[in-house]
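Worksheet for the structure shown next.
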């Protein structure tokens, strides 16, 4: 047996299938709810940032953890979620860009980074001054 044959025979077989691509549908995004006109000025909406299966399937077989990077004004702006549900729920008053980093069970896979703008001002603005409402609404237009 040559040295190259010996080296190959000592390498454990990979769990990967050659020339095969696997697809895993994943839903990610945010949902926000207006808390009403009696809400605190700085906590007008409750929102959830999430990563899940399209039909709420358990993704823990493929995802080892999800790291959510929130705006720096939040306590602990980096949130590491190690098991389902992969989500963060908070309260706030505006919009900000968040990052979601998905780490795969297969550590040889590069983590997936997603950036998204979380608009929380899609509701009628009842608790702010008129000028502040206009600014928030115009900031969400594409």
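Only the coordinates and a few stated rules stand behind these numbers; no lab work does. As the structure is a prediction and not an experimental result, all values here were calculated from the model. Every residue, glycine as well, gets a Cβ built from its backbone with ideal geometry; the counts of neighbours run over all protein chains shown.
I need 45, 71 ordered by Cβ neighbour count within 10 Å, fewest first.
71, 45
If you project the alpha carbons of the range 18-107 onto their three principal axes, what span does each projection cover, largest first, in Å?
That works out to 58, 26, 19 Å along the principal axes.
To make sure I understand, if each residue's beta carbon is the centre and we count other beta carbons within 10 Å, what order do 114, 88, 51 fall in, fewest to most?
Starting with the residue having the fewest Cβ neighbours, the order is 114, 88, 51.
Between residue 79 and residue 38, take the C-beta separation as r, use R0 = 35 Å, and let me know the FRET efficiency to the nearest 0.05.
The pair residue 79/residue 38 has a calculated efficiency of 0.80.
Within a 10 angstrom radius of the beta carbon, how do 81, 63, 102 rank from fewest other beta carbons to most?
Ordered from fewest to most neighbouring Cβ atoms within 10 Å, 81, 63, 102 come out as 81, 102, 63.
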